[in-house]
Amino acid sequence: MTNGLHLKPIDPLRAEVLALAQSTAQCVGMTLVLIGAMARDIWMEHLHGIETGRATRDVDLTVVVDSWEAFAQLKKALIDTGRFSATEHAVQRLRSDVGIPIDIVPCGGVESASRSIAWPPDNEMVMNGAGLREACRIAVPLDLAQNLVFPVVPISGLAALKILAWGDRRDRRDAHDLQLLARSYLDAGNRDRLYDEHADLIDDDFDYALAGAELLGRDIRDDMGQDVSERSRHILTTELGSSTTGSLVDEMARPSGMDDAWELTAVLLRALTAGLGPA
């Protein structure tokens, strides 16, 4: 189901891996959801022809589980197919027999009260689980290939996860992706919504990219809920107050090489923050 949108089919090997992973998950009563770079590419490139500039064959997935025991059951079921194997140094990663790695991060019943995820058995590997459960809730089933309908987190969820990930690990890839998603949001299927549902963003000082960024902030707020919105707002507000090398604004602006890139990026982030609503 692509809601009338034409989606360019994904690479057959990744389609094969996704189909097997999903059918196996469903056999143990779970549903895998696509997040990460592949989800980004599906919305931007495959659906809207927007180049992302960063190719990847990795497959990032999340799944709502009741417990670590349930997640272990899922991993065992995948390995028992004979098509996936565990990796030594990354507990969330399985490698398929066609060479494509899949990362599966659980959420829901494995999160702490602060929404962190501490991986057993020693709890030394800790991830931020905020936003994953919400992303699963708003995932959109898309026809990715023949006989493959797969839930994909929409751009609003991806952008929120990028903001939260930046607050957790400060990876420049998250900054670059957030720049792309915010600056291209209207061109990624939201232009008509601007005029039909958010005409208040069109004023005498109208700027196409800034209106899209603010609309993205509004969609994060509406789609992902109060907790994620407040966490995202806090991170963005903190970063906008920093002019140091390596800040979110700095990393988002860096690829452009333009003299005024920092100022333009800061304005873009302020629009996104405004869309999240008041503190």
Let me confirm something: among Glu214, Glu197, which residue is crowded, with 22+ Cβ neighbours inside 10 Å, charged (D, E, K, R) and at pLDDT 95 or above?
Glu214
Test Asp192 against the stated conditions and say whether it is acidic (Asp, Glu) and assigned to a loop (DSSP other than H, G, I, E, B).
no
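Name the single residue, out of those in region 239-251 being out of contact with any Phe, Trp or Tyr (no Cβ under 9 Å at 6 or more places or on another chain) and in contact (Cβ under 8 Å) with a residue 24 or more places away in the chain, that is least open to solvent (accessible area, probe 1.4 Å).
So the first thing to find is which residues in region 239-251 are out of contact with any Phe, Trp or Tyr (no Cβ under 9 Å at 6 or more places or on another chain), and the list is 240-242, 244-247.
Next cut, in contact (Cβ under 8 Å) with a residue 24 or more places away in the chain only: 240, 246.
Values: Leu240: 39, Gly246: 22 Å².
Checking each candidate, the answer is Gly246.
What number of residues in region 17-48 are of a type in the set (Val, Ile, Thr) and part of a helix (DSSP H, G or I)?
From region 17-48, those of a type in the set (Val, Ile, Thr) are 17, 24, 28, 31, 33, 35, 42; that's our starting set.
From what's left, part of a helix (DSSP H, G or I): 17, 24, 42.
So the answer is 3.
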If I ask for residues that are part of a helix (DSSP H, G or I) and either at positive phi or of a type in the set (Val, Ile, Thr) (or both), which ones from region 217-265 would you list?
Ile220, Gly225, Val228, Ile235, Thr237, Thr238, Val249, Thr265
From the residues in region 51-108 that are loosely packed, with under 14 Cβ neighbours inside 10 Å and at positive phi, which one is modelled with the lowest pLDDT?
Gly53
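Under the condition of being in a helix (DSSP H, G or I) and of a type in the set (Gly, Ala, Ser), which residue from region 266-279 is farthest from Asp223 (Cα to Cα)?
Quick first cut of region 266-279, residues in a helix (DSSP H, G or I) only: 266-275.
Next, from what is left, pick out any that are of a type in the set (Gly, Ala, Ser): 266, 271, 274-275.
Details: Ala266: 24, Ala271: 18, Ala274: 16, Gly275: 12 Å.
Out of the qualifying residues, it is Ala266.
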Can you tell me how many residues within region 263-279 are open to solvent by less than 70 Å² (accessible area, probe 1.4 Å) and not aliphatic (A, V, I, L, M)?
4
Name the single residue, out of those in region 119-177 being in a loop (DSSP other than H, G, I, E, B) and open to solvent by less than 30 Å² (accessible area, probe 1.4 Å), that is farthest from Leu276 (Cα to Cα).
Trp119
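Just one of Trp43, Trp68 is among the aromatic types (Phe, Trp, Tyr) and within 17 Å of Phe150 (Cβ to Cβ); which is it?
On the way: Trp68 fails: within 17 Å of Phe150 (Cβ to Cβ).
It is Trp43.
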Just wondering, is there one or more residues in region 191-199 that are touching a Ser or Thr at 6+ places or on another chain (Cβ under 9 Å) and of a type in the set (D, E, K, R)?
no
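The values are calculated or read from the model by the stated rules, or taken from the named source; none is laboratory data. It should be emphasised that the depicted structure is a prediction, and the values quoted were computed from it without experimental measurement. Because the Cβ atoms are built from the backbone with ideal geometry, glycine has one as well, and the counts that use them run over all protein chains shown. Accessible surface is based on the protein model in full, side chains and every heavy atom, while ligands, DNA and RNA are left aside. Shrake-Rupley method; radii C 1.70, N 1.55, O 1.52, S 1.80 Å.
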